[in-house]
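Data block below; observations after.
The values are calculated or read from the model by the stated rules, or taken from the named source; none is laboratory data. Because the structure is predicted, anything quoted here is derived from the model rather than measured. Here the Cβ positions follow ideal geometry from the backbone for every residue, glycine too, while neighbour counts run over all protein chains shown. Please note that ligands, DNA and RNA were not included when accessible areas were found on the heavy atoms of the full protein model with its side chains. Shrake-Rupley method; radii C 1.70, N 1.55, O 1.52, S 1.80 Å.
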Amino acid sequence: MSDHPENVQESPPVSGTAMPILGTSFAELERLLGETIAPIVVQAWAAFRRDLPGLLAKHPGKWVAYSGDQQLGIGTTKTQLYQECLRRGLARGQFLVLSIEPEMPQEIDLPLDV
Amino acid sequence: MPRILRKLPFPAQPTTVHLPQGPVSIKPNQIILWVSITPSGLANLPGNAPRLPAVLDTGFNNTFLITEQQLVEWAGVPTQELPWIDTLKVEGQTLPLRDADVWIHLNRPGFRDQFAPQPPFRLELRGGVAVWPTGVPGGRRLPLLGILALRRAGLQVAIDFHTGYLWMRTHRRFWWFGW
């Protein structure tokens, strides 16, 4: 895990319903999931999107961990970062580990049946 | 661990795999891998993690797709244990992507449903697995492993359509090592 978390910036708190994903608000997403998405996860997600251009420039292909608005570290494997976050006492659901790669269209094709 | 799957057959005839929940029919020419699914970041695959079949689908351009029912009943993982990380659009439906690791079980060469003694290979999925919610119509009969999962892991796959066998391995460092 990096000793020098990068691109840690303050940003306004993200409303649980303000940021659409694929045209779906978090409120709609929560209805779809049948569960509540913790604000700390929503904030982590937003912080990652905010920091992604800088991360892509410096750490493409690596993984980054966030808890809320705070970048916790960067690592070469997801498992390494997970283990480090758990060692720090964070519980699952209090942090996100995300891949540093360009955003791709999130629309896919599927076979009709298998 | 260079070799993951060795001489994995994909029969031209219908076959059946057996899960604790009952038999599952496999259609001719479907490439079936055995996988386990866990929350991300575990140090090792728990010994009691169930194995479930997944279709290696070269027409599926994402990582992994599974229905909520398959996730719970076959993989033994409650959906709530896999945190939401993103969203996918499929056939007009919005599907949640949940953070998870998929583990590919190594096969005994020449056999699809028998396993090598080595530990499974962990796929660290970038983007997680797409979970088709129970209340949303259209979920597929079997879980799908897509090209994006293999591409991001840098895996190499060889398929021999003459003999009906598949090989899968990690990126080779030394070209003179064979499959």
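Tabulated results
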read-out: Relative contact order (percent, whole number), chain B, Cα cutoff 8 Å, 6+ residue spacing; value: 30 percent
read-out: Region B:1-138, dipole about Cα centre (Lys/Arg Cβ +1, Asp/Glu Cβ -1), debye to the nearest 20; value: 600 debye
read-out: Cβ-Cβ FRET estimate between A:L56 and A:L90, R0 fixed at 22 Å, reported to 0.05; value: 0.30
read-out: Region A:47-114, dipole about Cα centre (Lys/Arg Cβ +1, Asp/Glu Cβ -1), debye to the nearest 20; value: 520 debye
read-out: Cβ-based net charge around B:T63, under 9 Å, with every Lys or Arg adding one and every Asp or Glu removing one; value: +2
read-out: Placed amide H near B:I26: partners under 5 Å, 5+ positions off or other chain; value: B:T15, B:T16, B:V17
read-out: Share of carbon and sulfur in the accessible heavy-atom surface of region B:57-179 [1.4 Å probe, %]; value: 55 percent
read-out: Chain pair A, B: total accessible area buried, heavy atoms, 1.4 Å probe, Å²; value: 3400 Å²
read-out: Signed unit charges on C-beta, dipole axis of region B:85-132, positive-most listed residue B:Q118, B:Q93, B:I104; value: B:Q118
read-out: Under Karplus coefficients 6.51, -1.76 and 1.60, residue-wise ³J(HN,Hα) of region B:11-26 in Hz, glycine/proline x; value: x, 7, 10, x, 9, 9, 10, 10, 10, x, 7, x, x, 10, 7, 10
read-out: All lysines inside 21 Å of A:K78 as judged from Cα atoms, apart from same-chain residues fewer than 8 positions distant; value: A:K58, A:K62
read-out: Region B:57-70 - phi-based ³J(HN,Hα) in whole Hz, Karplus 6.51/-1.76/1.60, Gly and Pro as x; value: 10, 6, x, 9, 9, 10, 8, 8, 10, 8, 7, 4, 5, 5
read-out: Mean ellipticity per residue at 222 nm, deg cm²/dmol - from DSSP H runs of n ≥ 4 across chain B, formula -39500 (n - 2.57); value: -1500 deg cm²/dmol
read-out: Residues along region B:70-86 losing 50 Å² or more of accessible surface when the other protein chains are present rather than the chain by itself (probe 1.4 Å); value: B:W84, B:I85, B:D86
read-out: Net charge of neighbours whose Cβ lies under 13 Å from the Cβ of A:L29, counting Lys and Arg as +1 and Asp and Glu as -1; value: -1
read-out: Positive-end residue, region B:29-179 charge dipole about Cα centroid, Cβ charges, pick of B:V136, B:T58, B:L45; value: B:T58
read-out: For region A:90-98, 3J(HN,Hα) per residue [Karplus equation, 6.51 cos²θ - 1.76 cosθ + 1.60, θ = phi - 60°, Hz, x = Gly/Pro]; value: 6, 8, 4, x, 9, 8, 10, 10, 10
read-out: Anchor B:K7: lysines whose Cα lies under 29 Å away (excluding residues fewer than 8 positions away in-chain); value: B:K27
read-out: Solvent-accessible area per residue, Å², over the protein assembly as shown with all protein chains present [probe radius 1.4 Å]; value: 46 Å²
